[in-house]
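Note sheet for the following structure.
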Ligand SMILES: [Zn+2]
């Protein structure tokens, strides 16, 4: 919607396209018109509390008490669907006083019969993939996620990075028969990252917190596509590496794999 794109960006990360957390919208479908109120902070707070988190409001942000993560939800686009419903895109900007000082953000693309349902759907998926991984990365050591420690071999200055591997999602049709991978082991939480790790070397060699969104797919006709974002921003080198990875998959037919991965100083 043009009216949303014209509004000034509200997030701290300049690449975050989100503009607002609260607004009143009027919809018209040619037969009737109706109003919907949007309050993303409240929607996200209720979802977090339903999942058992203790949170408090602090200005435009929610603070998750146990992890000290601060969360700022914003609307970035909205599009009514013909004959009912709405498509929405939101972002959630994330900071932590010690571990994530430059805010990162991630998109939630969703749809529903009305705004509230669409936002809840998007935030729920974000919780299950991104937030649970972020919580693990805020612990001294992850409990449920696999982790890697990568260290420089000879270069000076030496570095050591902790990599938290979110749960990998995989969908394949038809389901391939083992052996699955050329790497010699079945698809696991390491595979998307290790297949593209060279493209992330500049990140590994610099300080900071990096959130990687990795996605690779093979279409039924055999053509492949990939998407890679770092802290919400497209990362072409990673995308190329993931594209090559998808081309190496055994079998044929529709398949996609995606994962959220976090890199921080050890
Ligand atoms: Zn693996």
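Every residue, every condition in (1) within 16 Å of the ligand (Cβ to nearest atom); (2) on the phi > 0 side of the Ramachandran plot; (3) in contact with a helix residue (DSSP H, G or I) (Cβ under 8 Å, 6 or more places away or on another chain); (4) in contact (Cβ under 8 Å) with a residue 12 or more places away in the chain, yes or no:
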site: 171; (1), (2), (3), (4): no, no, no, yes
site: 195; (1), (2), (3), (4): yes, no, yes, yes
site: 226; (1), (2), (3), (4): no, no, yes, yes
site: 230; (1), (2), (3), (4): no, no, yes, yes
site: 249; (1), (2), (3), (4): yes, no, no, yes
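Run residue 123 past the list (1) touching a helix residue (DSSP H, G or I) at 6+ places or on another chain (Cβ under 6 Å); (2) part of a loop (DSSP other than H, G, I, E, B) and report the number of the one that doesn't hold.
With (1) touching a helix residue (DSSP H, G or I) at 6+ places or on another chain (Cβ under 6 Å); (2) part of a loop (DSSP other than H, G, I, E, B) applied to residue 123, the lone miss is (2).
Restricting attention to segment 219-251, report how many residues are part of a loop (DSSP other than H, G, I, E, B) and either within 23 Å of residue 137 (Cβ to Cβ) or in contact with a strand residue (DSSP E or B) (Cβ under 8 Å, 6 or more places away or on another chain) (or both).
Count: 7.
Check 53, 45 and return the single one that is crowded, with 17+ Cβ neighbours inside 10 Å, outside the structural domain of residue 231 (by TED's automatic domain parsing), part of a loop (DSSP other than H, G, I, E, B) and modelled with pLDDT of 95 or more.
Details: 45 fails: part of a loop (DSSP other than H, G, I, E, B).
Sole residue among the options that is crowded, with 17+ Cβ neighbours inside 10 Å, outside the structural domain of residue 231 (by TED's automatic domain parsing), part of a loop (DSSP other than H, G, I, E, B) and modelled with pLDDT of 95 or more: 53.
Are any residues in segment 10-36 surrounded by 11 or more Cβ atoms within 10 Å (Cβ to Cβ) and without any contact (Cβ under 8 Å) to a residue 60 or more places away in the chain, and if so, which ones?
Restricting attention to segment 10-36, the residues satisfying the condition of being surrounded by 11 or more Cβ atoms within 10 Å (Cβ to Cβ) are 10-13, 15-23, 25, 27, 29, 36.
Those that are surrounded by 11 or more Cβ atoms within 10 Å (Cβ to Cβ) and without any contact (Cβ under 8 Å) to a residue 60 or more places away in the chain: 19, 20, 21, 22, 23, 27, 29.
The values are calculated or read from the model by the stated rules, or taken from the named source; none is laboratory data. Since we're looking at a predicted model, the values are computed, not measured. Every residue, glycine among them, receives a Cβ derived from its backbone with ideal geometry; neighbour counts consider all protein chains shown.
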